[in-house]
Amino acid sequence: MTIMEAIRNRHTVRRYTRHAIPEEILEQLEKRIADNNKKYGLHMKLMINNEKAFGTFIKLILAKGVKNYIILSGEDKPDLDEKLGYCGIDIALFAQTLGLNSWWVGGTFHRKNIAKYAQGEKVTGIIAIGYGIMQGVPHKSKKAEEISSYNGTAPEWFAHGVNAALLAPTALNKQAFTIKGEENKVSIFCNNGIFTETDLGIVKYHFEAGAGKEHFEWV
Ligand SMILES: Cc1cc2nc3c(=O)[nH]c(=O)nc-3n(C[C@H](O)[C@H](O)[C@H](O)COP(=O)(O)O)c2cc1C
């Protein structure tokens, strides 16, 4: 499965089977996380067989069987949230290509427990991973013309980028972003409260994957 196929197939899954993630898949995930951490100066961390990500109430009503997850953390700098958005979605989509499901959690995780593992660094969320009891369902989506515009006739790459952006997970599924294009320049604006920067990183990754980085530059 390619990253573009993963973009189309990935949907939030909050309930997981007991099926353990095989060692060779964990090794691939660890490597992808380590590569992202190195390249972007982050400290994302894979937690295996650890059931402390959620409190009792959330486990009762929402999160079932979550035992594996990635902590989205790093040194508290102005661009941290966007970088964790960009790299976190790379991990989630890579996990999808390996046959796993995922769930981005920015609000409902157990902050105290996770803070202990993050050793004083800022945590913007976690991504639960595992074998879902189902594959999830496509989210309700805005239309391309509601969130994007292009000065002149939009090239194909722009339309592909926008379509991929609309498949991105965003906090509360707000899709509170707008993308504008002119020649090979693309700008993006997002306003989703405390999740603005995280959403921005996620949506930028999706747009790049759909459009092809070689076709445009961010301005
Ligand atoms: C930054 C961010 C934070 C999120 N926080 C939560 C959360 O706290 N609880 C939750 O159940 N889902 C959370 N989600 C999942 C979104 O609700 C979900 O991605 C969105 O509804 C779109 O659905 P999809 O992932 O199936 O495309 C979060 C997603 C993102 C991107």
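Only the coordinates and a few stated rules stand behind these numbers; no lab work does. These numbers come from a predicted model, not from an experiment. Note: ideal-geometry Cβ built from the backbone for every residue, glycine included; neighbour counts use all protein chains shown.
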What percent does the relative contact order of the chain come to when contacts are Cα pairs within less than 8 Å and at least six residues apart? 25
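When the convex hull of the C-alpha atoms of segment 3-130 is computed, what volume per residue in Å³ does it have?
Values: hull volume 12.8 nm³, N = 128.
That works out to 100 Å³ per residue.
Mind checking the dipole of the chain: about its Cα centre, +1 per Lys or Arg Cβ, -1 per Asp or Glu Cβ, Debye to the nearest 20?
Numbers: 28 positive and 24 negative charges, 221 e Å.
That gives a dipole near 1060 debye.
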How about segment 170-202: which chymotrypsin sites (Phe, Trp or Tyr not before Pro) there lie in a loop by DSSP and see at most 11 other Cβ atoms within 10 Å? none
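Out of all DSSP beta bridges in the chain, what portion is antiparallel? Express it as a percent rounded to 5. Show your work: numbers first, answer last.
On the way: 22 of 29 bridges.
The answer is about 75 percent antiparallel.
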Which whole-Hz couplings ³J(HN,Hα) result when phi for each residue of segment 42-59 is put into the Karplus expression 6.51 cos²θ - 1.76 cosθ + 1.60, θ = phi - 60°, listed in order with x for Gly and Pro? 10, 10, 5, 9, 8, 10, 10, 6, 10, 9, 9, 6, 10, x, 4, 5, 5, 5
For every helix of n ≥ 4 consecutive DSSP H residues, a contribution of -39,500 (n - 2.57) applies; sum these over the chain, divide by its total residues, and give [θ] at 222 nm rounded to the nearest 500 deg cm²/dmol. -12000 deg cm²/dmol
Checking the a/c ratio against 1.5 first, then a/b against b/c, what shape does the Cα gyration tensor give for segment 77-122? oblate
For segment 144-218, treating each Cα as an identical point scatterer without solvent, what Debye log10 I(q)/I(0) comes out at q = 0.19 1/Å? -0.67
For q values of 0.08 Å⁻¹, compute log₁₀ I(q)/I(0) with the Debye formula on a Cα-only model of the chain, without solvent. -0.27
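Rounded to the nearest 0.05, what FRET efficiency do Glu182 and Ser141 have when you use their Cβ-Cβ distance and R0 = 22 Å? Please list the in-between numbers first.
Numbers: r = 24 Å, r/R0 = 1.11.
Calculated transfer efficiency: 0.35.
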